[in-house]
Amino acid sequence: MCPQLSVLGACLAVALALPFACKADTFPAKPITIVVPFPPGGPTDSSARLLAKAMGDSLHQPVIIDNRAGAGGTIGSAYVARAQPDGYTLLWGGTSSLAVAPALYASLPYQPLKSFVPIGQAVRSPMMVVGKSSLAATDMTQLIQAAKSSSLTFGSAGNGSIGHLTGEQLNTTLGIKLLHVPYKGGAPALTDVLGGQIDLMIDTAQFLSPHVQSGKVRAFAVAGDKRFPLLPNVPTVREATGKPFEAYSWFGLVAPAGTPASIVNRLETALNAAMRDPATLKQLTSSGLEPVNSSPSAFAATISTDLKRWTEAVRISGVKPD
């Protein structure tokens, strides 16, 4: 081959690759949007905003929260799955949208491990069993005995919610039959357990711990791999029953599939920097969230494991979405 042609070809290849290299090297060149697939004002939204602020400081660009609520988090998730894979539109993805919804909806317009590339898991909170203060049972052993001898009800945020599926898994694991009462959200379920209309409620420790601390409800167990820091006297399910059992609600960042690895790495670095910020950590832990600070591969493994877990829970329970 003519040497001149070889040089020309090499120069052409460099010229074609240069825009893509520069794009990654200069990322981010404009504000980044994190889509939170739930309404503003709740704990999911507040944790995302907290990390968005810290990530923006690291990236030297604003990180904006865009709330796109509806259908258990699937509307906002589908929106991000269709977005340009350029790192400027991300999803605050959680257990409900990335692990439970795919088990519930056959026609979901995205697949958690094919439509997205994980950036990193950020926070989690164990599920928790609490009861009305008038219950005769005062610990998990007595609660199991009561559930075997009489009908006890438990409320959750709705059919197919993490609280509902955790209750169904507890039934299977402990050999009991708690009767599920679905509500349209955690707040009305909490109102009824506080008022004594239902016996128990299952939701995240983050949501329920203030009411345990105030003495308005009784805590029986947390479904974590260790005790919940804000309630150190409450045992784990495994400690209380001898049965291995874990169930977490978690959140992290994912990007549309096809996002360049260099951009994913840049975003992972910014997320990890945010998770090391002392002020951010203090606010997360004081609100009842456990910082995770995982890698993309570790987050992918968590999504895969929980997708299998909740798919099996849905199959066993026969639950149908609202």
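The values are calculated or read from the model by the stated rules, or taken from the named source; none is laboratory data. This is a predicted model, so every value here is computed, not measured. Cβ sites come from the backbone with ideal geometry, for glycine too, and all protein chains shown count toward neighbours.
Within the option set V222, V254, V237, being over 15 Å from L59 (Cβ atoms), surrounded by 17 or more Cβ atoms within 10 Å (Cβ to Cβ), in contact (Cβ under 8 Å) with a residue 40 or more places away in the chain and touching a helix residue (DSSP H, G or I) at 6+ places or on another chain (Cβ under 6 Å) holds for one residue only, V222.
So which residues in segment 60-80 are surrounded by fewer than 22 Cβ atoms within 10 Å (Cβ to Cβ), in contact with a strand residue (DSSP E or B) (Cβ under 7 Å, 6 or more places away or on another chain) and of a type in the set (A, V, I, L, M, F, W, C)? Result: I64, I65.
Screening the candidates A103, A147 for the property of being over 30 Å from T269 (Cα atoms) and modelled with pLDDT under 95 yields one hit, A103. Only a single item in (1) crowded, with 16+ Cβ neighbours inside 10 Å; (2) within 22 Å of the chain's Cα centre (by Cα) is not met by A187, and it is number (1). Across segment 140-149, not a single residue is classified as touching an Asp or Glu at 6+ places or on another chain (Cβ under 8 Å) and surrounded by 18 or more Cβ atoms within 10 Å (Cβ to Cβ). The strands (runs of 3 or more DSSP E) falling completely within segment 178-245 that include 1 or more residues that are within 16 Å of S133 (Cβ to Cβ) and aromatic (F, W, Y) map to 217-222.
When you scan segment 158-170, do you find a residue that is without any contact (Cβ under 8 Å) to a residue 60 or more places away in the chain and under 23 Å from the mean Cα position of the chain (by Cα), even just one? Among the residues of segment 158-170, at least one is without any contact (Cβ under 8 Å) to a residue 60 or more places away in the chain and under 23 Å from the mean Cα position of the chain (by Cα), which makes the answer yes. List the strands (runs of 3 or more DSSP E) that sit entirely inside segment 50-151 and contain at least 1 residues that are in the same structural domain as A221 (by TED's automatic domain parsing). Here the list reads 116-132. Considering segment 87-135, and only residues there that are among the hydroxyl-bearing types (S, T, Y) and more than 30 Å from S151 (Cα to Cα), the residue that is surrounded by the most Cβ atoms within 10 Å (Cβ to Cβ) turns out to be S97.
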